Amino acid sequence: MLDVSRSSPLTSDIQHLTSALMKLAAESQTHIQNFFRSHLRDETLELPSVSIYGNRFAGLLTGVCRVGGITFGRRIFVAPSFIKRNETGRLTIPGWLVAHEAMHMLQYKEHGTVGFLACYLHEFWQRLRETKRWDRAARMTAYLAIAEECVARAAEDAYCAWSGEDKDEG
Ligand SMILES: [Zn+2]
């Protein structure tokens, strides 16, 4: 589990949307960057600062897409159920989920936002056309087969091996 900190205190309903932005705590940001330096064998890798949204909008987005998280550029939207408060009152998020979504952040960084999304959607579309089925199961299969997703899932598993975190915990 990685610590996250809210960028502003939750003081009223009106602030709910903006205050839902969280950043990884500094030591968690370093921890996940160290993982990627080891995983991608690049000692100079700099992971951009990770912004996490776990608000109602993030819940809607991940719910509609039936995934735990979605990354747009440097913004990671996660299903609110993944954000928990630990015994000491700090908010936490599973490290493997951050590893998966941060891998997408690095893909965006490498290909640019338009390049990444174009590749990703093109591949999704291709897979769907190959199966000639458009139902939910076909969409899920197509999604899982996208190259960028396979790379992100590999990062997720490698993170668990590297950190000893159990994916089922929490
Ligand atoms: Zn993914």
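Nothing in this text is a laboratory measurement; each read-out follows from the coordinates by a stated rule. Predicted model only: the values in this text are computed from it and were never measured. Note that we place each Cβ from the backbone using ideal geometry, even for glycine, and neighbour counts take in every protein chain shown.
Some points to look at:
- GluC sites (Glu not before Pro) restricted to DSSP loop in the stretch 88-170 with at most 11 other C-beta within 10 Å: 169
- Cα-based Rg of the chain normalised by 2.2 N^0.38 Å, two decimals: 1.06
- Residues 70, 83 in ascending order of nearby Cβ atoms (within 10 Å, fewest first): 70, 83.
- Annotation: aspartates and glutamates with alpha-carbon distance below 17 angstrom to residue 23 (same-chain offsets under eight excluded): 3, 46, 101.
- Gain upon complete extension [residue 90, residue 21; 0.36 nm per residue less C-alpha separation]: 23.4 nm
- Relative to one another, the C-alpha centroids of the stretch 110-148 and the stretch 33-106 are positioned 21 Å apart.
- Debye-sum result for the stretch 73-170 in log10 I(q)/I(0), which assumes one identical scatterer on each alpha carbon, at q = 0.14, 0.15, 0.17 Å⁻¹: -0.65, -0.73, -0.88
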